[in-house]
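Colleague: Structure incoming, see below.
The values are calculated or read from the model by the stated rules, or taken from the named source; none is laboratory data. Note that the structure is predicted; figures quoted are calculated from it, not measured. All Cβ positions, even for glycine, are placed from backbone atoms using ideal geometry, and neighbour counts span all protein chains on display. Calculation scope for accessible area: heavy atoms of the full protein, side chains included, ligands and nucleic acids excluded. Shrake-Rupley method; radii C 1.70, N 1.55, O 1.52, S 1.80 Å.
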Amino acid sequence: MKDVQTLTQEEAAAELAQLAIDLSAANRAYHQNDAPEISDADYDALKRRNAEIEAQFPELKRTDSPTDKVGAEPASGFQKITHSVPMLSLGNAFDDGDVTEFDRSIRKYLGFGDEDPLAYTAEPKIDGLSLSLRYENGQLIHAATRGDGTTGENVTSNARTIADIPAHIPNAPDLLEIRGEVYMSHADFEALNTRQSETGDKTFANPRNAAAGSLRQLDARITESRPLCFFAYAWGSLSAPLGETQSGAIQQLKNFGFQINELTKTCNGPVEMIEHYRDIETKRATLGYDIDGVVYKVDDLALQARLGFRSTTPRWAIAHKFPAELAWTRLETIDIQVGRTGALSPVARLQPVTVGGVIVSNATLHNEDYIAGLGGDGSKIRGGKDIREGDWVQVYRAGDVIPKVADVDLTKRPKTAMPYVFPTVCHECGSDAIRDDGDAIRRCTGGLICPAQAIEKLKHFVSRAAFDIEGLGAKQVEQFLEDGWIKEPADIFELRARFGAGLQQLKNREGWGEKSAENLFDAIDERRTIEFHRFLFGLGIRHLGEAAAKDLARNFADWETLADTADRAALEPATTDASKDAAAQSPAWATFLEIDGIGRALTQSLVAALAQDHERAVIDRLVAHLTILPPEDQASDSPVAGKTVVFTGTLEKMTRAEAKARAEALGAKVSGSVSAKTDLLVAGPGAGSKAKKATDLGIETIDEDGWIALIDGL
DNA sequence: GTGCCTCGAGTTCA
DNA sequence: CTCGAGGCAC
């Protein structure tokens, strides 16, 4: 390493840039993954080097300088904890048919016949909030809420006050992460509310809210005074397996000293599962705590591992929900909201009504057809009747969350009620609102001209899966936009420069002090270094969601390469042929289409967005403020890391979905078609044109057994 | 062309 | 959470 004194300005700048990336990666590994990748001494050396260079070249000090971040605490509330294994939600079943279908689809995925035995566990789904407990050498180290599934809040001191949560576990494996549900019993809930009203404090609407409110107290003494309970039912990282089956593992949790739900039962197939569901349903009122359904899980843990996960839910589990509570109320008016992509969505403004313990005053009406009572969707409205302002409507909370209008009572329709006329002009900007052929949604054509679209796009930019800037949520964005401080993403990164010196304007605003402004600027600076996929998702391009952003990030070295490819694609004739092979005549297009999961609609949308001068300028201005981190190599030591793999023909020992998920977990790119860039073809029996093409191109081809041998033990 | 399976974009309330 | 539709396998 060169002496700082002898560095040229250019070298110093380059090294600072690299240090920013290295330190940021090390920070993330240390704080969020609890898995330091470099030693403390090395980390300190990097930091020292950074400080030395900055001292020598103060003018080069970056606004996202790692030196400034040291010891930076979150602005308020709880610290964040990144789950070592994500805490996912479950898929839902609403009737017996869905349960049978769940079993069928698992059998299909695993290649099981109808007669092969397949056991499931069935247990009540507690209506509380999930919590992850980490034990190291038997000691409780931390407790984290679910949060967004990836990152939760550190509520350790509160969790320690819960009697059902042991502070230490004798004979526990070195690492033990226990997951379960924090809840409050009916009796305790009633008593708490009585106490609350006696002392003049606010009462809680239901046990779930009471449990959530109690666990998220900043003062653990308050949590201690609240009667919280905990059922353990799952786990995260482990240094040793808990057993071979779900049911066995749960017994093990009991041995460790946790409460487990006594109504957990092992069932052979959907008939027994539904039987147990009915049994629990009849006991529901006498349980003494709230449940909202029954959870089924594949019992064999080896099969669970094979089934793996979809993007947000495990394939091996499902929640069979109890029927939702219904309520009748008056629909006062129908309003139209304009979304980020210009979608006009009708919302019912209701006379407030209690549904399942909460007061509902708005409900979604989905789209034009739903109101009109036409076709597919509309058929759900009894008799196919239209919905009108002034109607008496039935409301329920889908999945106990989203209020929906389920039915209309025509006998109570006011004589004056007129059919609702869906607008064809955006009321926000006056642009035409067009509905494409075969599309269910009418969209405003105003683009960024439309204030509603502009604001929604900015909200999307700061949202959790995108830039996730602490202290800059939807509310603040709206405020800042109104004040004219920000119009586009790049403005956010210029806030400190423009207002940092005086701070007067921000300080004068209610709720903003010098400290909170400083915290906000720090939080913004932290995001000047951003992961590639978050950046892509944040752009808010139609069809480019979280999953597609990750697919793209994995397949392009950096933003410049991607943008350049899109620019070239804009000059090529877009193929109208749906087949991917035909697209090969347009090489830049093909670069996108060859990526598994990226299709024409997304490519078209992306290329068009980047070719649009105004939109492109907005993006370029943003990029100038950022250090975009290349995608992490997930498993650089696996033999397929970084390789492009294509599967073809029939796979006999696993399904395609399984094979793809497995390959990607090992750092491979999975493509749908063979090209010169393909590194490996896995061909099962019946492989046709792809295998021939691979041979012609001289690409290594192996069979399924060869593939399994290759990834064996990884 | 058809039928899965997933994803994206919309939605509420505390 | 739900719906519609994109993407892919058959």
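Colleague: Return the residues of region A:83-124 that are within 25 Å of the chain's Cα centre (by Cα) and polar (S, T, N, Q); say none if nothing qualifies.
Modeller: Passing the criteria: A:SER84, A:SER89, A:ASN92, A:SER105.
Colleague: Show me the strands (runs of 3 or more DSSP E) entirely contained within region A:633-683 in which 1 or more residues are away from DNA strand C (no atom under 11 Å from the Cβ), open to solvent by less than 50 Å² (accessible area, probe 1.4 Å) and at pLDDT 75 or above. Let's see the steps before the verdict.
Modeller: Values: elements: A:644-648, A:669-671, A:680-683.
By residue number, A:644-648, A:680-683.
Colleague: Please enumerate the residues belonging to region A:87-132 that are in contact with a His (Cβ under 8 Å, 6 or more places away or on another chain) and of a type in the set (Gly, Ala, Ser).
Modeller: Across region A:87-132, the qualifying residues are A:ALA93, A:ALA122, A:SER132.
Let's see how each residue does on (1) surrounded by fewer than 21 Cβ atoms within 10 Å (Cβ to Cβ); (2) more than 16 Å from DNA strand C (Cβ to nearest atom); (3) closer than 30 Å to A:ILE441 by Cβ:
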{"residue": "A:PRO314", "(1), (2), (3)": "yes, no, no"}
{"residue": "A:VAL347", "(1), (2), (3)": "yes, no, yes"}
{"residue": "A:PRO352", "(1), (2), (3)": "yes, yes, yes"}
{"residue": "A:HIS366", "(1), (2), (3)": "yes, no, yes"}
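Colleague: Sticking with this structure for a sec: Hey, A:ILE162 hits all of (1) open to solvent by less than 40 Å² (accessible area, probe 1.4 Å); (2) at pLDDT 95 or above but one; which does it fall short on?
Modeller: Condition (2) is where A:ILE162 drops out.
Colleague: Anything in region A:354-364 that is open to solvent by 40 Å² or more (accessible area, probe 1.4 Å) and more than 8 Å from DNA strand B (Cβ to nearest atom)? List them, or say none.
Modeller: A:THR354
Colleague: Shifting gears a bit: Looking only at residues in region A:589-612 that are of a type in the set (A, V, I, L, M) and in contact with a Leu (Cβ under 8 Å, 6 or more places away or on another chain), which one is farthest from DNA strand C (Cβ to nearest atom)?
Modeller: Of region A:589-612, the ones of a type in the set (A, V, I, L, M) are A:590, A:593, A:595, A:598, A:601-602, A:606-611.
The next check asks that each one be in contact with a Leu (Cβ under 8 Å, 6 or more places away or on another chain); those that pass are A:595, A:598, A:602, A:606, A:609.
On the way: A:ILE595: 7, A:ILE598: 6, A:LEU602: 4, A:LEU606: 9, A:ALA609: 14 Å.
Per the stated criteria, the residue is A:ALA609.
Colleague: So which residues in region A:594-609 are within 12 Å of DNA strand B (Cβ to nearest atom) and closer than 17 Å to A:PHE535 by Cα, if there are any at all?
Modeller: If the condition is that a residue be within 12 Å of DNA strand B (Cβ to nearest atom) and closer than 17 Å to A:PHE535 by Cα, then A:LEU602, A:SER605, A:LEU606, A:ALA609 are the ones that fit.
Colleague: Right, another one. Being at positive phi, assigned to a loop (DSSP other than H, G, I, E, B) and modelled with pLDDT under 90 is true for just one of A:GLY288, A:GLY293, A:GLY257, A:GLY200. Which residue is that? If you could, list the steps in order and put the result at the bottom.
Modeller: Numbers: A:GLY288 fails: modelled with pLDDT under 90; A:GLY293 fails: assigned to a loop (DSSP other than H, G, I, E, B); A:GLY257 fails: modelled with pLDDT under 90.
Only one candidate passes the filter, namely A:GLY200.
Colleague: Do you know which residues across region A:89-119 are part of a loop (DSSP other than H, G, I, E, B), away from DNA strand B (no atom under 15 Å from the Cβ) and touching a strand residue (DSSP E or B) at 6+ places or on another chain (Cβ under 8 Å)?
Modeller: Within region A:89-119, A:PRO117, A:LEU118 meet the criteria.
Yes/no matrix, rows are residues, columns are (1) of a type outside the set (Phe, Trp, Tyr); (2) open to solvent by 10 Å² or more (accessible area, probe 1.4 Å):
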position	(1), (2)
A:LEU129	yes, yes
A:TYR135	no, no
A:ILE141	yes, yes
A:GLY152	yes, no
A:PRO170	yes, yes
A:LEU175	yes, yes
A:VAL182	yes, no
A:ALA187	yes, yes
A:ASN193	yes, yes
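Colleague: So, one more: Which ones in region A:328-343 are open to solvent by 50 Å² or more (accessible area, probe 1.4 Å) and away from DNA strand C (no atom under 16 Å from the Cβ)?
Modeller: Step one: filter region A:328-343 for residues open to solvent by 50 Å² or more (accessible area, probe 1.4 Å), giving A:328, A:330, A:332-333, A:335, A:337, A:340.
Correct list: A:TRP328, A:ARG330, A:GLU332, A:THR333, A:ASP335.
Colleague: List pairs: first in region A:410-421 and in a helix (DSSP H, G or I), second open to solvent by 100 Å² or more (accessible area, probe 1.4 Å), Cβ under 9 Å, 6+ apart or cross-chain?
Modeller: A:LEU410/A:ARG382
Colleague: Can you pull out every residue in region A:476-495 that is open to solvent by 70 Å² or more (accessible area, probe 1.4 Å) and modelled with pLDDT under 85?
Modeller: If the condition is that a residue be open to solvent by 70 Å² or more (accessible area, probe 1.4 Å) and modelled with pLDDT under 85, then A:GLU482 is the only one that fits.
Colleague: Can you name the helices (runs of 4 or more DSSP H) wholly within region A:513-557 that have at least 3 residues being within 14 Å of DNA strand B (Cβ to nearest atom) and closer than 15 Å to A:ILE619 by Cα? Walk me through how you get there before you give the answer.
Modeller: On the way: elements: A:514-526, A:532-538, A:546-555.
So the answer is A:532-538.
Colleague: Quick one: in region A:210-220, of everything that is free of Cβ contacts under 8 Å to residues at least 60 places away in the same chain and not acidic (Asp, Glu), which residue is farthest from A:ALA191 (Cα to Cα)? So that I can check it myself, show each step before the final result.
Modeller: Filtering region A:210-220 for residues free of Cβ contacts under 8 Å to residues at least 60 places away in the same chain gives A:210, A:213-214, A:217, A:219.
Within this subset, residues satisfying the condition of being not acidic (Asp, Glu) are A:210, A:213-214, A:217.
On the way: A:ALA210: 12, A:GLY213: 16, A:SER214: 14, A:GLN217: 19 Å.
Here the residue is A:GLN217.
Colleague: Filter region A:426-443 for residues that are closer than 17 Å to A:ASN367 by Cβ and more than 27 Å from the chain's Cα centre (by Cα) and give the result. Steps first, please.
Modeller: Of the residues in region A:426-443, the ones closer than 17 Å to A:ASN367 by Cβ are A:426-427, A:433-443.
Within region A:426-443, A:CYS426, A:HIS427, A:ALA433, A:ILE434, A:ARG435, A:ASP436, A:ASP437, A:GLY438 qualify.
Colleague: Right, something else. Given the conditions (1) open to solvent by less than 30 Å² (accessible area, probe 1.4 Å); (2) in contact with a Ser or Thr (Cβ under 6 Å, 6 or more places away or on another chain); (3) closer than 21 Å to A:SER157 by Cβ; (4) not basic (Lys, Arg), and given that A:GLN246 satisfies all but one, which numbered condition is not satisfied?
Modeller: Condition not satisfied by A:GLN246: (3).
Colleague: Sort out which residues of region A:128-175 are among the acidic types (Asp, Glu) and closer than 20 Å to A:ILE260 by Cα, and write them in order of number. It would help to see each step written out before you state the result.
Modeller: Initially, region A:128-175 is screened for residues among the acidic types (Asp, Glu), giving A:136, A:148, A:153, A:164, A:174.
Residue satisfying the conditions is A:ASP164 alone.
Colleague: Can I ask one more? Could you run through region A:391-414 and say how many residues are of a type in the set (S, T, N, Q) and either away from DNA strand B (no atom under 16 Å from the Cβ) or in contact with a Lys or Arg (Cβ under 6 Å, 6 or more places away or on another chain) (or both)? Can you show your working first?
Modeller: The first filter runs over region A:391-414 and keeps only residues of a type in the set (S, T, N, Q), leaving A:394, A:411.
Narrowing further to those that are either away from DNA strand B (no atom under 16 Å from the Cβ) or in contact with a Lys or Arg (Cβ under 6 Å, 6 or more places away or on another chain) (or both): A:411.
Count: 1.
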